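Encoded as structure tokens, the structure appears first; notes follow it.
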Amino acid sequence: MNAQNVAHCEISPRFKGRMLAALFLVTIVAGIIAQMFIGDRLIDLNDAARTAANIAANRTLYRFAFTLYMIEMVSQIVWTLMMYDLLKPVSRSVARTAAVVGLIGCGIKMVARLFFYAPLLVTSSPAFSGIGEGELQALSLVLLRLNDHGAAIAVVFFGCESILEGWLIVKSRFLPRFLGVFSIAGGVGWATFMWPPLGYSLFTAIALVALVGSLLMIGWLFVKGVDERRWLEQVQESAASIWR
């Protein structure tokens, strides 16, 4: 398969890179708004009564946060699959592993978001009408803590995905190595959630490094994009190699 045939069969890698940038941006913005500007303002994981009162007074806003989380997850799933497609010329097996690990993380996080939505059901369903208000508030808080810890488990998988994708970017010839270095650094940070007390204690620093790396990736893909000639060269080399 020569470069011309590949060009006819594939979406332009430069356009693909810009699609990736757009998806990455949607993922980050939706997640930040849902978490920082809505969830963190309504939820106090140490105060069941206050959290229940905040949710009851802002049910529509709370549902909107859940919708944003779903937009985040859909964007991240599509982004993960497209990233595999972009990076597979470097190493199909490593790119596939990164995609599988990332999709597992997305699955875990989506299940965790069910616990985020659950307090709306607990406080409004007739099935819980015989339970006291204090008990319902306590149950809601437990569900929200499960959401929080479920998301923490998911970022371990995202961290491993980022490390693998960072390695692929460093080895690629169509994206700059510094993007791969930031991806690896952010991935190592998220992987510290394998020991949750460590991950939570370092969260601010980890999030800052990951955000800087993400913004650099988005900016590069939007402005410079993928080097199409080098990407096609690497596709040809990959097709001719038995080590896939």
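List of remarks:
- Pair residue 212, residue 171: separation of 7 Å Cα→Cβ label points (nm): 2.7 nm
- Seen from residue 14, the other residues with C-beta closer than 10 Å to its C-beta sum to a net charge of +1, counting Lys and Arg as +1 and Asp and Glu as -1.
- 1.4 Å probe accessible area per residue over the chain, in Å²: 51 Å²
- Site pair residue 92 and residue 229 shows an inter-label distance of 2.7 nm when each label is modelled 7 Å from Cα along Cα→Cβ.
- Seen against the Cα atoms of the chain and their longest principal axis, helix 48-57 is set at about 80 degrees.
- Dimensions of the range 116-220 based on its C-alpha atoms, expressed as ranges along the principal axes with the largest first, amount to 63, 25, 18 Å.
- Burial order of peptide ranges 155-162, 56-63 (average beta-carbon count within 10 Å, highest first): 155-162, 56-63
- Treating r as the C-beta distance of residue 181 and residue 44 and R0 as 51 Å, the FRET efficiency rounds to 0.85.
- The fraction of accessible area contributed by carbon and sulfur in the chain is 69 percent, rounded to a whole number (1.4 Å probe; ligands and nucleic acids excluded).
- Potential extension, residue 146-residue 22 segment - 0.36 nm per residue separation minus Cα distance: 41.6 nm
- Here the peptides 195-204, 29-38 are ranked by packing, the mean other Cβ count within 10 Å, and the order with the highest first is 29-38, 195-204.
- Value of [θ]222 nm, deg cm²/dmol, for the chain, DSSP H segments ≥ 4, -39500 (n - 2.57) each, nearest 500: -27000 deg cm²/dmol
- Note that the chain shows a convex hull volume over its alpha carbon atoms of 128 Å³ per residue.
The values are calculated or read from the model by the stated rules, or taken from the named source; none is laboratory data. Because the structure is a prediction, the values reported are computed rather than measured. Backbone-built Cβ (ideal geometry, glycine too); neighbour counts: all protein chains shown. Just the protein is used for accessible areas: all its heavy atoms, side chains included, with ligands, DNA and RNA removed. Shrake-Rupley method; radii C 1.70, N 1.55, O 1.52, S 1.80 Å.
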